[in-house]
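Visitor: Dropping a structure here in C-alpha cells format, bear with me for questions.
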Amino acid sequence: MRFLKIAHKKPECIGCMLCAEVAPNYWEMDEDDEAQLLRVTREDKAFQYGEGFEEDRDLLKEAEAGCPMDTIKIG
C-alpha cells in the first residue's frame, strides 16, 4: 500500500473549511476555527505532517489546490 505525504501549515489557516469539506477523513475544524489535520504523525513549529492513502489522491490534491492560503502540500 502506498501513502502520500501531507504537510499542513496550521498557523496560517484562515478557517475557510474547504479541506474539511473536501477531505473530511483527513481534516476537521478545531475550537479555534482552524483546520486540524487528523492522524498527525509529527509536528514542528509551523507544520503538521501526516499520511494519506494513494486512493485518496484526487481529494487530497483538491484540498491542496483549493486552499486560499496555500497551507497544504501533498507529496
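What follows draws every value from the coordinates through simple rules; no lab data is involved. This is a predicted model, so every value here is computed, not measured. Neighbour counts run over all protein chains shown; Cβ positions are idealised from the backbone, glycine included.
Visitor: Would you tally the net charge around Cys13, using a Cβ to Cβ cut-off of less than 10 Å, leaving Cys13 out, and scoring K and R as +1, D and E as -1?
Guide: Around Cys13, the charge tally is -3.
Visitor: Here is a further query. Starting at the first residue of the stretch 4-19, write each ³J(HN,Hα) from the Karplus equation 6.51 cos²θ - 1.76 cosθ + 1.60 with θ = phi - 60°, in whole Hz, x for Gly and Pro.
Guide: Residue by residue, the stretch 4-19 yields 9, 7, 10, 10, 10, 8, 4, x, 9, 5, 9, x, 6, 6, 4, 4 Hz.
Visitor: Remind me, relative contact order of the chain in percent, using alpha carbon pairs under 8 angstrom and six or more residues apart?
Guide: So the answer I get is 43 percent.
Visitor: Further question on the same structure: For a paramagnetic label modelled at 7 Å from the Cα of Glu55 toward its Cβ, which residues of the stretch 15-39 fall within the zone defined by backbone nitrogen distances under 16 Å?
Guide: 24-26
Visitor: On to the next question. Step through the residues of the stretch 41-55 one at a time and calculate ³J(HN,Hα) from phi using the Karplus curve (6.51 cos²θ - 1.76 cosθ + 1.60, θ = phi - 60°), rounding each to whole Hz and writing x for Gly and Pro.
Guide: With the stated coefficients, the stretch 41-55 comes to 9, 6, 9, 9, 4, 9, 10, 10, 10, x, 10, x, 6, 3, 5 Hz.
Visitor: Another question about this same structure. Give me the net charge of Tyr49's neighbourhood, meaning all other residues with Cβ under 13 Å from the Cβ of Tyr49; Lys, Arg count +1, Asp, Glu -1.
Guide: +4
Visitor: Let me ask you something else. Write down, largest first, the equivalent ellipsoid semi-axes of the chain in whole Å, where each equals the square root of 5 times an eigenvalue of the alpha-carbon gyration tensor.
Guide: 17, 14, 11
Visitor: Counting only the backbone N, which residues of the stretch 10-40 are under 11 Å from the spot 7 Å out from the Cα of Ala46 toward its beta-carbon?
Guide: Hits in the stretch 10-40 for Ala46 at 11 Å: 10-12.
Visitor: Once the Cα atoms of helix 57-66 and of the chain are each reduced to a long axis, what angle between those two axes, in degrees from 0 to 90 to the nearest 10, is obtained?
Guide: On a 0 to 90 degree scale, this one is about 30.
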